[in-house]
Each structure stands twice: as C-alpha cells, then as structure tokens.
Amino acid sequence: MIRLLVTALVLLIATTAMAEKHFAAERDRMIQAVEAMARTVPSRDTEIDPAVLAALREVPRHELVPENVRRDAYQNHPLSIGHGQTISQPYIVALMTTLARPAKHHVVLEVGTGSGYQSAVLSRLVARVYSIEIVEPLAQEAAAKLKGLGYDNVFVRAGDGYKGWPEHAPFDAILVTAAANHVPAPLIEQLKPGGRLVIPVGATSMSQNLLVVEKDEQKKAHTRAVIPVRFVPLTGEAEGRAPAR
Ligand SMILES: C[S@@+](CC[C@H](N)C(=O)[O-])C[C@H]1O[C@@H](n2cnc3c(N)ncnc32)[C@H](O)[C@@H]1O
C-alpha cells in the first residue's frame with residue numbers, strides 16, 4: 001500500500017515538473033512573439049521595456065486563465081475568460097505596462113482586473129497594485145488565484161472602476177483595460193503630478209485608440225494616441241456618460 005502511494009506521488013511530481021517545463025517553453029515562445037510584434041509596429045512609443053518582458057517571463061499566465069483555454073494561454077492573442085470578458089493579448093499587456101513606465105516605488109491602479117494577469121505582471125515591477133473588477137465572480141476568482149500564487153502586493157475589489165479607488169489615490173499610473181468613449185475625469189484627478197493614465201478610448205466597439213494621458217507637475221493633462229486597439233467596453237457609469245466637449 002505504502003509502495004503504491006509513493007509511486008503515485010513520484011508520478012504526480014514528475015508530471016507536474018514536465019508540465020511546468022512545457023509552460024516555461026511556451027512562455028519563451030510568447031516573449032518571442034511579443035518581440036516580433038513590437039518590431040512590426042516600429043515607433044519609439046511601441047517598443048517594449050526589457051524589464052516588462054522579464055516580468056512577462058515570470059508570470060504563469062496558464063494559472064490565471066480558465067482550465068478550458070489553458071492550452072492556449074501563451075498564444076499571442078486574447079482569450080475568453082467567461083462572463084463575456086477576455087484576457088488581453090500578451091503584446092498589448094506588455095505595451096500598456098511599458099507605457100505606464102512602472103518603477104519599484106510606484107503605486108498603480110488597474111481598472112478591469114479580468115483574469116488578474118495584468119495585475120500580476122505589474123506586481124513584479126511596482127510596490128503595490130490596486131485593481132477593480134465590475135464582474136463580481138471574476139474579481140473573486142482573480143483575487144483568490146493571485147493570493148494562491150503569492151502576489152501579496154495586489155489588492156482586488158469588486159465594483160465599478162469609473163471613479164477609481166480614492167482611498168488609495170493618488171496613483172503613479174493608472175491602466176484601464178476596457179474601452180470607453182471618453183477619459184473618465186475621476187481617473188485623471190487620481191493621477192499624481194508626473195503620473196500616466198493608459199486607456200483605450202473610441203466611439204465604436206470595433207476600434208479604439210490606446211491613449212496615454214500624462215499629468216504634468218502643474219496638473220495639466222497631455223494626451224497622445226499610440227496605436228489602434230480593440231477592447232471590450234468599460235461598463236457601468238462610463239456607459240451612461242457622453243464624451244466631454
Ligand atoms: C479586457 S478585460 C481585462 C483583462 C485583464 N486586465 C486581464 O489581465 O485579464 C476587461 C475587464 O474590464 C472589466 N470592466 C469593464 N467595465 C468595468 C468597470 N467599469 N469597472 C471595472 N471593471 C470593468 C470587464 O469585466 C473585464 O473583466
């Protein structure tokens with residue numbers, strides 16, 4: 001009986017080690033795909049920070065996606081995570097993270113936790129990540145998985161991120177991973193002077209522009225468009241508001 005149990009344990013350890021090796025190789029391929037994609041959009045704004053690539057290499061994306069898409073976790077495209085939502089394409093995660101210019105002492109807000117992957121990547125690069133998700137089961141699942149994986153500097157709450165998370169503001173950077181037809185004013189307010197907000201903004205559900213809003217030391221916001229993107233909509237309060245004129 002004991003011999004049987006030991007054999008089963010050894011088999012389990014060997015299978016887990018093989019799976020981890022497989023996913024590590026898949027992660028390497030994903031990094032290569034992200035680098036290749038960055039080369040196809042040559043502009044200084046779309047280069048990916050090597051520190052961000054190192055963070056992508058560390059985060060087990062396969063542990064954060066649902067079981068039914070785990071096989072494809074490291075493909076360079078978005079995947080369904082249920083509830084009509086998606087985990088973003090790795091290149092877009094890398095680009096948005098780079099555009100946020102993360103630093104070790106930074107406190108960052110993410111609106112749209114989804115699977116928790118973007119938060120996990122950020123957590124490797126900054127001091128603390130606050131993340132808000134409007135779909136409660138997704139928030140709960142992401143929080144539990146992030147905790148289980150040891151991402152202790154990520155704090156998730158369920159709710160509408162339109163008004164940010166004022167209790168932890170101001171933020172060095174804010175990433176919004178769902179698209180609105182305007183930049184939510186409360187998010188600009190919650191940026192530190194010198195901070196950056198990265199957000200997809202567009203009038204249609206088909207295509208938006210990825211914007212970087214930089215707040216200067218005089219608290220004036222400067223906006224520029226980086227590349228066209230396609231995100232799921234920012235729901236909740238954002239939907240009922242018209243763009244500012
Ligand atoms: C493209 S997915 C985000 C992917 C996520 N960052 C990840 O790494 O998996 C966009 C997410 O934003 C969420 N969302 C949409 N509107 C929101 C809002 N007003 N406040 C918070 N989350 C919102 C959606 O439910 C969805 O999970």
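Ordering 84-92, 21-29, 62-70 by mean Cβ neighbour count within 10 Å, with the highest value first, yields 84-92, 62-70, 21-29.
Please compute the length gained on full extension between GLU167 and GLU35, using 0.36 nm multiplied by the number of residues separating them and subtracting their Cα-Cα distance.
Taking GLU167 through GLU35 to full extension adds about 43.8 nm, to one decimal.
Judged by the ratio a/c of the largest to the smallest principal axis of the C-alpha gyration tensor, segment 120-191 counts as oblate, that ratio being 1.5 or greater while a/b is no larger than b/c. The count of lysine pairs in the chain that are at least 8 places apart or cross chains, and whose C-alpha atoms lie under 16 Å apart, stands at 5. Here segment 117-244 exposes an accessible surface that is 53 percent carbon and sulfur, computed with a 1.4 Å probe and the other protein chains kept in place.
Give me the accessible area per residue for segment 54-143, probe 1.4 Å, as a whole number in Å².
36
For ARG44 and GLU189, what does the FRET efficiency come to when R0 = 22 Å and r is the distance between their Cβ atoms, rounded to the nearest 0.05? Once the sixth-power term is evaluated, E becomes 0.15. Please state the shape class of the chain: rounded when a/c is under 1.5, otherwise prolate if a/b exceeds b/c and oblate if not, all from the C-alpha gyration tensor. It is prolate, given that a/c is not under 1.5 and a/b is the larger ratio. The modelled label-to-label distance for the pair ARG3/ASP28, using points 7 Å beyond Cα in the direction of Cβ, is 3.9 nm. Shape verdict for segment 39-81, please, from the Cα gyration tensor: rounded (a/c under 1.5), prolate (a/b greater than b/c) or oblate. Oblate. For segment 7-106, the Cβ-based charge dipole about the Cα centre amounts to some 80 debye (Lys, Arg positive; Asp, Glu negative; other atoms uncharged). Pop out the carbon and sulfur fraction of the accessible area of segment 1-59 as a percent, whole number, probe 1.4 Å. Result for segment 1-59: 68 percent of the exposed heavy-atom area is carbon or sulfur. Computed from Cα positions, the angle between helix 90-99 and the longest principal axis of the chain comes to roughly 50 degrees. Summarising the strand pairing of segment 1-151, around 40 percent of its internal DSSP beta bridges are antiparallel.
The values are calculated or read from the model by the stated rules, or taken from the named source; none is laboratory data. Keep in mind the model is a prediction, meaning the values are calculated, not measured. In this analysis, Cβ positions are derived from the backbone assuming ideal geometry, glycine residues included, and neighbour counts consider all displayed protein chains. For the accessible areas, the whole protein counts, side chains as well, though only heavy atoms, and no ligand, DNA or RNA atoms are used. Shrake-Rupley method; radii C 1.70, N 1.55, O 1.52, S 1.80 Å.
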